[in-house]
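Undergrad: Shown below is the structure under consideration.
The values are calculated or read from the model by the stated rules, or taken from the named source; none is laboratory data. Everything numeric in this text was worked out from a predicted model, so none of it was measured. Using ideal geometry, Cβ is built from the backbone for each residue, glycine included, and neighbour counts are taken over all protein chains shown. For the accessible areas, the whole protein counts, side chains as well, though only heavy atoms, and no ligand, DNA or RNA atoms are used. Shrake-Rupley method; radii C 1.70, N 1.55, O 1.52, S 1.80 Å.
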Amino acid sequence: TISAAVQTTGSAVAALVTVIDTLSVDPMRMRANVDAMSGVMYAEGAMMVLAPAVGRAAAERLVAAALEQTRSSGQAFIRTLAADAEVQAALGPAGLAHLDRPEAYLGMAEHFRRCLLGDGPPPGQEI
């Protein structure tokens, strides 16, 4: 029923308030986690940058190969990806320089944040 849905939603929101009130961000620990994972979380961002340059299928192949090499060697994902000649040709030094910085890839987060706060989408990100 609608009443049950509203009550359930209210309970969920109340639980989230408690979690958010006690949430703390530890940037040094976050960086340690990124390093411990060899930067594999940057694969999605790499796909987003590579696909327009080489096509989706080629980008998937290049990223998958770099992920596999990262898993077997322990070398950082971006370093492995950047060592590929096809990736170098497609992105160049400038395109490779920012792939391992989380602040460089936020997807639609800024758009949603601005819309939720009533600021509207940032310039150039109108949907």
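Undergrad: What ratio of Cα Rg to 2.2 N^0.38 Å holds for the stretch 24-75?
TA: Compared with the compact-globule rule of thumb, the stretch 24-75 sits at 1.34.
Undergrad: Now a separate question. Determine the share of the chain's accessible area contributed by carbon and sulfur atoms, expressed in whole percent, with a 1.4 angstrom probe.
TA: 62 percent
Undergrad: How high is the FRET efficiency from VAL19 to ARG101, r the C-beta distance, R0 25 Å, rounded to 0.05?
TA: That pair, VAL19 with ARG101, gives E of 0.35.
Undergrad: Right, next: Under a GNM of the chain (C-alpha, springs under 10 Å), which listed residue has the highest mean-square fluctuation: ALA64, ALA109, ALA85?
TA: With Cα springs under 10 Å in the chain, the top fluctuation among ALA64, ALA109, ALA85 is at ALA109.
Undergrad: Another question, if that's okay. Equivalent-ellipsoid semi-axes (√(5λ), Cα gyration tensor) for the chain, whole Å, largest first?
TA: 36, 20, 15
Undergrad: Suppose R0 equals 30 Å; then what is the FRET efficiency for MET48 and MET28 from their Cβ-Cβ distance, rounded to the nearest 0.05?
TA: Approximately 0.65, to the nearest 0.05.
Undergrad: Using a 1.4 angstrom probe, figure out how much accessible area the chain has per residue, in square angstrom, rounded to the nearest whole.
TA: Computed with neighbouring chains in place, this is 69 Å² per residue.
Undergrad: Can you work out ³J(HN,Hα) from phi for every residue in the stretch 92-100, in order, using Karplus 6.51 cos²θ - 1.76 cosθ + 1.60 and θ = phi - 60°, giving whole Hz and x for Gly and Pro?
TA: Once rounded to whole Hz, the list reads x, x, 5, x, 7, 4, 9, 5, 9.
Undergrad: When each pair of different Cα atoms in the stretch 51-90 is counted once in the 1/r mean, what is the Kirkwood radius in angstroms, to one decimal?
TA: Taking the inverse mean of 1/r over all distinct Cα pairs, the stretch 51-90 comes out at 10.1 Å.
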